[in-house]
1. Summing +1 for each Lys or Arg and -1 for each Asp or Glu, what net charge is found among the other residues whose Cβ lies under 14 Å from the Cβ of Ser45?
2. Quote to one decimal, in nm, the extra length available between Met47 and Ile16 on full extension: 0.36 nm per residue of separation minus the C-alpha distance between them.
3. Under unit Cβ charges (Lys, Arg +1; Asp, Glu -1), what dipole magnitude, rounded to 20 debye, does the range 47-110 have relative to its Cα centre?
4. Would you work out which of Ile71, Ala94, Ile145 lies farthest towards the positive end of the dipole of the range 67-177? Charges go on Cβ: Lys and Arg +1, Asp and Glu -1.
5. Among 115-124, 65-74, 24-33, how do they line up by average Cβ neighbours within 10 Å per residue, starting with the highest?
6. Per-residue HN-Hα couplings for the range 32-42, Karplus 6.51 cos²θ - 1.76 cosθ + 1.60 at θ = phi - 60°, whole Hz, x for Gly and Pro?
7. Show the residues, 5+ positions off or on another chain, whose built amide H is closer than 5 Å to the amide H of Met133.
8. Find out how many positive minus negative residues lie around Asn154, taking Lys and Arg as positive, Asp and Glu as negative, among other residues whose Cβ is under 13 Å from that of Asn154.
Amino acid sequence: MFKGLILGILLGMLLIAGGVYCYFSSGRAPVATSATPIPFEKTLSGMALHAYLDKLPHPEPQVPADEANLISAAKVYRDNCAGCHGLPGEPKGAIAVGMYPAPPQLFHGVGVTDDDAWESYWKVENGIRMSGMPAFKDRLTEKQIWQVSVLVKNADKIPESVKKDLAANASTPMETAIPSSKQVSPAPSSPKQTKK
């Protein structure tokens, strides 16, 4: 009786694992950002992220939330974050509209002002898998990451000077997503003819 129960449990687990494998390997799983999410996708990914973050140390910000740091952060944010996370008073850009999960619009009343700065620091430094959020560890300095983390923590109470700096030279969301150091080659005017 006990052996039959154990065998039934093992067989059930194998059938579930096989079913999940077949679901993904057969191309039935939604992969487009516009597709309906897999049941519990958002819940499970959020649970995993928060469980991981809860195990980490919670350091205090390494820069004060003063005007000088916030203005420095505004330039970094404008150049690296605005394409997905938006700017004050600007509508959601084409990149953000096309992403799943949708990136929070940090200056539109929804965002990370309720998160501790260390949590935003970790997310900026390391990125978040399967969310479109890249890691900036190799692109920004530790100080710049702390400055941006303090900026988004205080997004609902930044001074007008910082808002003006965020809006200064604001690019379209697509322009902010393409680094200016990389030149995109124009497409050829006519397709190449291949010999048969």
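Coordinate-derived values only; no laboratory data. Everything numeric in this text was worked out from a predicted model, so none of it was measured. Ideal geometry is used to build each Cβ from the backbone, glycine not excepted, and the neighbour counts take in all protein chains shown.
1. Numbers: positive: Lys42, Lys123, Arg129; negative: Glu41.
Within the 14 Å Cβ shell, the charges total +2.
2. Numbers: separation 31, 0.36 × 31 = 11.16 nm, distance 2.16 nm.
Taking 0.36 nm per residue and subtracting the Cα distance, the gain is 9.0 nm.
3. Values: 4 positive and 6 negative charges, 49 e Å.
It works out to roughly 240 debye.
4. Ala94
5. Working: 115-124: 20.8, 65-74: 18.3, 24-33: 9.5.
Output ranking for 115-124, 65-74, 24-33: 115-124, 65-74, 24-33.
6. 6, 5, 8, 6, 5, x, 5, x, 6, 4, 5
7. Residues meeting the criterion, in which the H sits 1.01 Å from N, are Ile128.
8. On the way: positive: Lys153, Lys157, Lys163; negative: Asp66, Glu67, Asp114, Asp115, Asp116, Asp156.
Local net charge: -3.
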